[in-house]
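In what follows, a structure is listed as structure tokens, so that the remarks can point back to it.
The values are calculated or read from the model by the stated rules, or taken from the named source; none is laboratory data. Since this is a predicted model, take the numbers as computed values, not measurements. Glycine gets a Cβ as well: all are built from the backbone with ideal geometry, and neighbour counts include every protein chain shown.
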Amino acid sequence: VNERTAVAAPGGRQAAPDLASLTAPVRDEMERAETLLRALLDSPHPFLRAVAGHMERFRGKRLRPAILLLSARAWGNGSDLACELAAIVETIHLASLCHDDVLDGAELRRAAPTLNAQWGTQTAVMTGDLLLSRAFERLAQFGDLRLVQALGQVGRMICEGELLQIGSRFNPGLRESDYLALAEKKTGALFGAAARLGVLAAGAGEADAERMGAFGRHLGCAFQIVDDCLDVTGVEASAGKSLGADLRNGELTLPVIHLLRTAEPARRTELLELLQAGHAERRHHRLRALVASSDAVSYALGVARRELHSARQLILFLPPTAAREALLGFPEYILARSGSAE
Ligand code: FPP
Ligand code: MG
């Protein structure tokens, strides 16, 4: 699914908003954040500059900066600090992707070779470390320990989420609640921080910042569920990234957990065999077929819808502005990504 194209929501509902219209209320701030991000990635060293330049090729959707800046605007105004924080949050996200592609053994991201595919694991790991350090170095310049602590906590949660995921590889006993806890840590935490820091930068108090944090965490969880559905059902050419990594690495995602829970004994035995190491392509092919002939994806998307409903409820308290409307449109946007999953 092209991220800039509005896609009819499953079930024939109204077409989902596209990202350009969602971010319209903060277009200027998005551009300022982009300039700051470029400065954070840049380096006078030719090799480091080449690596940063390459990362431009897997330029993402900038969802986290968008959520941060819209939250700031929905609360008050888009301050300079909000733009700085948007660039920092995206830098942390990019750092995590450098490491994620190493852990997943992924070769492709946004139709470009990953850093590990292009330059090897060492470069990918060190680039992730470099970006993370740069983000915190910049953050410290604002002299606000609350911000440093908030993002330090997020870094810890992302790493805990990834480590827990590694620790549960090939574990058929992984429960839905375990999976949701993982998704909240590895993806929800940074989405939550984006919404939370946005309103904090605009002067909100702790209680409202916490509500925004919960909004972002639900949004992030739903985003991860949709991403995991696409990992099983998506088409590599249109996703622009390596798919099937979850299965190859023995990582159980929500559709598979649901299949295991509901399959009849013979099917369950086959599934358990598929989840053991073996020929990756054959296993992926068969798993896709099993998922496609079951209700696993619609079940998982139902859970994502529940998360998105909770997210919307949490921000109804915001004053009625274009930025609030845009934030309320994010759930539909995230679900629309799943158009090719169902
Ligand atoms: C994407 O998951 C990856 C994450 C949400 C987090 C990855 C984090 C690490 C590897 C730890 C390093 C952390 C920091 C802060 C540097 P995915 O594989 O499901 O998504 P994908 O399909 O886009 O690869
Ligand atoms: Mg990955």
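Results, tabulated for the structure shown:
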quantity: Test: residue in region 97-117 that is within 24 Å of ALA209 (Cα to Cα) and within 13 Å of ligand 1 (Cβ to nearest atom); calculated: no
quantity: Conditions (1) more than 16 Å from ligand 2 (Cβ to nearest atom); (2) surrounded by 16 or more Cβ atoms within 10 Å (Cβ to Cβ); (3) more than 24 Å from LEU197 (Cα to Cα); (4) not hydrophobic (A, V, I, L, M, F, W, C): number failed by GLN122; calculated: (2)
quantity: Residue within region 107-118 that is over 25 Å from GLU251 (Cβ atoms) and either in contact (Cβ under 8 Å) with a residue 24 or more places away in the chain or within 16 Å of ligand 2 (Cβ to nearest atom) (or both) present; calculated: no
quantity: Filter result for the condition that a residue is assigned to a helix (DSSP H, G or I) and either of a type in the set (Lys, Arg) or within 16 Å of ligand 2 (Cβ to nearest atom) (or both), over HIS54, HIS99; calculated: HIS99
quantity: Region 241-264, subset within 12 Å of ligand 2 (Cβ to nearest atom) and part of a helix (DSSP H, G or I), residue modelled with the lowest pLDDT; calculated: ALA245
quantity: Positions within region 145-191 being more than 16 Å from ligand 2 (Cβ to nearest atom), more than 21 Å from ALA300 (Cβ to Cβ) and surrounded by 14 or more Cβ atoms within 10 Å (Cβ to Cβ), in sequence order; calculated: LEU147, VAL148, ALA150, LEU151, VAL154, GLY155, MET157, GLU160
quantity: Matching entry among LEU180, LEU151 (being modelled with pLDDT of 95 or more, within 17 Å of the chain's Cα centre (by Cα) and within 11 Å of ligand 1 (Cβ to nearest atom)); calculated: LEU151
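Yes/no per residue for (1) at pLDDT 90 or above; (2) in contact with a helix residue (DSSP H, G or I) (Cβ under 7 Å, 6 or more places away or on another chain); (3) within 28 Å of LEU308 (Cβ to Cβ):
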{"residue": "VAL26", "(1), (2), (3)": "yes, yes, yes"}
{"residue": "GLU34", "(1), (2), (3)": "yes, no, yes"}
{"residue": "GLY76", "(1), (2), (3)": "no, no, yes"}
{"residue": "LEU81", "(1), (2), (3)": "yes, yes, no"}
{"residue": "LEU94", "(1), (2), (3)": "yes, yes, yes"}
